[in-house]
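Chemist: One structure, as structure tokens, below. Some questions next.
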Amino acid sequence: MPAQLDFFYFIGSTYSYLSVQRAEALAEREGVVLNWRPFSVRTLMREQNNSPFTGNPVKMAYMWRDIERRAEQLRLPFNGPPPYPIDADELANRVATLAAIEGWCAEFSQAAYRLWFLRKQDPGDADALSDLLSDLGHDAEAVLARANSDAVRARYAAETDTARSLGLFGSPSFVADGEVFWGDDRLEEALAWCKSHRPVNEAPADPVIVAPYDRFDHVFVQPGSFDASLAFYRDALGWPLQYVWGDDGQPRGASLGTGAVRIVLAEAHEETTGRSRVFSSPSGGLTQSGRSGGAHDAEDKSKSHGINGTRPTLHLQVDDLDRRHAHLHKRGAALFAPEPTHWGTRWFVAQDPDGNLIAFEQPLGSS
């Protein structure tokens with residue numbers, strides 16, 4: 001039986017934005033079942049006379065800056081403090097409770113936090129919440145009616161009672177077999193504990209061999225029309241725009257993502273000499289704003305502009321690039337030795353049996 005981790009959170013908790021956007025993907029990677037358990041931390045904090053930010057502007061300012069730093073580190077979008085506090089009637093949390101019962105809690109909670117943090121709307125507002133539910137393909141009126149039912153209210157209160165009995169005092173909190181881990185910065189520790197401290201009477205599951213050092217970074221797409229593709233991913237899919245580069249005669253590029261998913265769009269153009277294709281990419285270091293970039297010199301001896309004019313589609317991030325290269329080199333899959341790129345990483349590219357290119361990258365200075 002897979003290890004399980006209970007994820008107690010409250011839509012309205014600021015630091016929970018970070019966990020809600022990344023916990024599901026991390027748990028899946030570690031082979032842990034994540035149980036989404038919305039609860040009223042507001043009720044518990046009132047009982048405990050615990051008001052961390054309201055009435056404390058100095059601490060609140062630090063909190064927003066801290067979240068901005070962590071979001072940048074985790075590659076999550078953050079464009080300034082959203083409205084706070086929110087969900088006065090805790091309607092969004094009751095919808096999350098309903099979603100947990102019906103099996104769509106992760107999708108809803110992530111979308112609710114994007115609505116709050118990125119679009120600066122209160123997910124507890126009935127109109128905004130209705131629009132969000134409709135965007136997710138639900139009958140908003142029916143969902144809100146069920147969320148306001150006695151049964152869902154009782155479930156929400158019961159989850160809050162459970163949190164109280166566990167000694168929880170904040171959100172997010174992670175609980176593994178009675179062991180409590182508080183805060184987004186304890187998520188990885190909670191997952192590790194969850195896997196290593198199994199009940200003594202539980203036989204370990206059959207081992208699954210998974211590369212321990214590969215993490216999804218982004219998918220690379222060279223669009224036929226940069227403007228049309230940017231409009232599709234940004235406007236039709238609603239993925240937040242993280243940064244753009246190029247223009248002024250240079251190929252344009254953009255990175256968009258929703259936390260666990262990131263896509264990089266980059267124009268390509270032919271050098272007038274016909275020497276090779278040149279792809280746009282960010283350069284000069286990656287920051288949340290003021291990004292610059294341009295095309296690679298077609299005579300550049302590095303392969304960061306592509307293999308035979310083609311860029312890999314799938315990009316993975318690893319903690320030990322040289323170890324990963326050695327592993328794949330023995331199997332004849334690595335096309336060249338690790339080398340620097342123009343965007344602040346080292347990389348190499350591997351090829352699968354069908355000729356698909358997979359990039360493995362490690363940020364410079366992280367080894």
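Chemist: Here are ARG22, ARG37: which of them is in a helix (DSSP H, G or I), assigned by TED's automatic domain parsing to the domain that holds ALA151 and closer than 17 Å to LEU191 by Cβ?
Modeler: Answer to the selection: ARG22.
Chemist: Right, here's the next one. Scan segment 65-77 and tell me whether some residue there is surrounded by 11 or more Cβ atoms within 10 Å (Cβ to Cβ), touching a helix residue (DSSP H, G or I) at 6+ places or on another chain (Cβ under 8 Å) and in a loop (DSSP other than H, G, I, E, B).
Modeler: So far as segment 65-77 goes, yes, one or more of its residues are surrounded by 11 or more Cβ atoms within 10 Å (Cβ to Cβ), touching a helix residue (DSSP H, G or I) at 6+ places or on another chain (Cβ under 8 Å) and in a loop (DSSP other than H, G, I, E, B).
Chemist: Can you pull out every residue in segment 236-266 that is surrounded by fewer than 16 Cβ atoms within 10 Å (Cβ to Cβ), more than 17 Å from ALA112 (Cα to Cα) and not hydrophobic (A, V, I, L, M, F, W, C)?
Modeler: ASP247, ASP248, GLY249
Chemist: Could you check PHE181 against (1) outside any helix (DSSP H, G or I); (2) surrounded by fewer than 18 Cβ atoms within 10 Å (Cβ to Cβ); (3) free of Cβ contacts under 8 Å to residues at least 40 places away in the same chain and say which number it fails?
Modeler: Only one criterion is unmet by PHE181, namely (2).
Chemist: Just to be sure before I move on: is MET60 assigned to a helix (DSSP H, G or I) and either farther than 18 Å from TYR84 by Cα or in contact (Cβ under 8 Å) with a residue 60 or more places away in the chain (or both) in the structure I sent?
Modeler: Criteria not met by MET60.
Chemist: Can you tell me how many residues within segment 311-345 are part of a strand (DSSP E or B) and crowded, with 19+ Cβ neighbours inside 10 Å?
Modeler: Number satisfying all stated conditions: 5.
Chemist: Now, a different point. Please work out if GLU102 is at pLDDT below 95 and either surrounded by fewer than 22 Cβ atoms within 10 Å (Cβ to Cβ) or aliphatic (A, V, I, L, M) (or both).
Modeler: Criteria met by GLU102.
Chemist: Limited to segment 76-102, what total is found for residues that are touching a strand residue (DSSP E or B) at 6+ places or on another chain (Cβ under 7 Å) and under 22 Å from ARG186 (Cβ atoms)?
Modeler: Number of matching residues: 3.
Chemist: Oh, and also: Having 2 or more residues that are at pLDDT below 50 and out of contact with any Pro (no Cβ under 9 Å at 6 or more places or on another chain) is the bar; report the strands (runs of 3 or more DSSP E) wholly within segment 204-290 that clear it.
Modeler: Correct list: 277-283.
Chemist: Give segment 340-367 a look and list any residue that's over 27 Å from the mean Cα position of the chain (by Cα) and modelled with pLDDT of 85 or more, or say none.
Modeler: none
Chemist: Just to be sure I understand the filter: pairs with C-beta atoms under 7 Å, separated by 6 or more residues or on different chains, first member in segment 1-18 and at pLDDT below 95, second member acidic (Asp, Glu). Which pairs pass?
Modeler: That search, which allows pairs on different chains as well, returns MET1/GLU202.
Chemist: Since GLU28 meets every condition but one in (1) at pLDDT below 95; (2) surrounded by 13 or more Cβ atoms within 10 Å (Cβ to Cβ); (3) within 14 Å of the chain's Cα centre (by Cα), which condition does it not meet?
Modeler: Single failed check for GLU28: (2).
Chemist: Here's a follow-up. When you scan segment 37-45, do you find a residue that is crowded, with 19+ Cβ neighbours inside 10 Å, in contact (Cβ under 8 Å) with a residue 24 or more places away in the chain and among the polar types (S, T, N, Q), even just one?
Modeler: yes
Chemist: Now, a different point. Report the residue count in segment 79-99 for those that are surrounded by fewer than 16 Cβ atoms within 10 Å (Cβ to Cβ) and under 21 Å from VAL33 (Cβ atoms).
Modeler: Number satisfying all stated conditions: 0.
The values are calculated or read from the model by the stated rules, or taken from the named source; none is laboratory data. Everything quoted here is computed from the prediction, not taken from an experiment. Don't worry about glycine lacking a Cβ; one is built from the backbone with ideal geometry, like all the others, and counts go over all protein chains shown.
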